[in-house]
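Written out below as structure tokens is the structure these notes cover.
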Amino acid sequence: MSSRPRAEMIEATRARLIASARQAFARLGYAKTSMDDLTAEVGLTRGALYHHFGDKQGLLAAVVEKIDGEMDQRLEAISREVADPWEAFCQRCQAYLEMALEPEIQRIVLQDARAVLGDVTQAGEDQCIDTLGALLSRLIQEQVIEPASPQALARLINGSLVEAALWIAAAEQPEARLDESLQGLELLLRGLRRQQPN
């Protein structure tokens, strides 16, 4: 047997476990998801889960990484499709908050990952901050926003977005909190704009 088919088999097993766990975590939550039920559902053993992910937390981290990647792709699509860089930046921020209404993101990324993984999710957040920093740097260079440290601005904006998303996800009426958050976001972003001379 060549290494390529084995590598493909390993990747297929990982993908099946991640997909099954993603559905279970979204439906039941991390705490109520049984690893025996999950592995049996995809026709694998608990040993396969431990071999690929170490433990249940490792599997959750892999699911969160997958969802984070998809969220990033959605945000990147906005940057590609919206011609005006400032409008694209604003729409990215709005889209991130709107994702907090999606049940899978609410439960897995904003609730369970924070509670179970804690600082493990920091790597994904650092990537978001770097992306925001690069976008802000471009807006500063193009004199769209006032000059400031792009990394400082990125951390401040990311922190605001994450906290608002957590607040939305925890609400009994998340749509109302989203509306309030979007209004606040508009005010915050407006404060970044460079004043045009009269």
Selection over segment 11-42 where residues are at pLDDT 85 or above and either within 21 Å of Ala169 (Cβ to Cβ) or in a loop (DSSP other than H, G, I, E, B) (or both) yields a count of 14
Residue set Arg177, Arg190, Arg194; condition exposed (fewer than 13 other Cβ atoms within 10 Å of the Cβ) and over 16 Å from the mean Cα position of the chain (by Cα); output residue Arg190
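Identify all residues within segment 135-174 that are assigned to a helix (DSSP H, G or I), under 20 Å from Glu102 (Cβ atoms) and open to solvent by 50 Å² or more (accessible area, probe 1.4 Å); write none if there are none. Walk me through it before giving the result.
Let us first name the residues in segment 135-174 that are assigned to a helix (DSSP H, G or I), namely 135-141, 150-169, 174.
If we keep only those that are under 20 Å from Glu102 (Cβ atoms) as well, we get 158, 160-169, 174.
Those that are assigned to a helix (DSSP H, G or I), under 20 Å from Glu102 (Cβ atoms) and open to solvent by 50 Å² or more (accessible area, probe 1.4 Å): Ser160, Glu163, Trp167.
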Only one of Glu81, Glu41 is over 24 Å from the mean Cα position of the chain (by Cα), open to solvent by 40 Å² or more (accessible area, probe 1.4 Å) and either more than 20 Å from Leu185 (Cα to Cα) or in contact (Cβ under 8 Å) with a residue 12 or more places away in the chain (or both), namely Glu41
Restricting segment 1-38 to residues that are among the charged types (D, E, K, R) and in contact with a Lys or Arg (Cβ under 8 Å, 6 or more places away or on another chain), the one surrounded by the most Cβ atoms within 10 Å (Cβ to Cβ) turns out to be Arg22
When Leu101 is run through (1) part of a loop (DSSP other than H, G, I, E, B); (2) surrounded by fewer than 14 Cβ atoms within 10 Å (Cβ to Cβ); (3) touching a helix residue (DSSP H, G or I) at 6+ places or on another chain (Cβ under 9 Å); (4) not basic (Lys, Arg), the failure sits at (2)
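The values are calculated or read from the model by the stated rules, or taken from the named source; none is laboratory data. For clarity, every value in this text was computed on a predicted model and none was experimentally measured. Please note: Cβ atoms are built from the backbone with ideal geometry, for glycine as well, and neighbour counts cover all protein chains shown. To get the accessible areas, we keep the full protein, side chains included, count just its heavy atoms, and leave off ligands, DNA and RNA. Shrake-Rupley method; radii C 1.70, N 1.55, O 1.52, S 1.80 Å.
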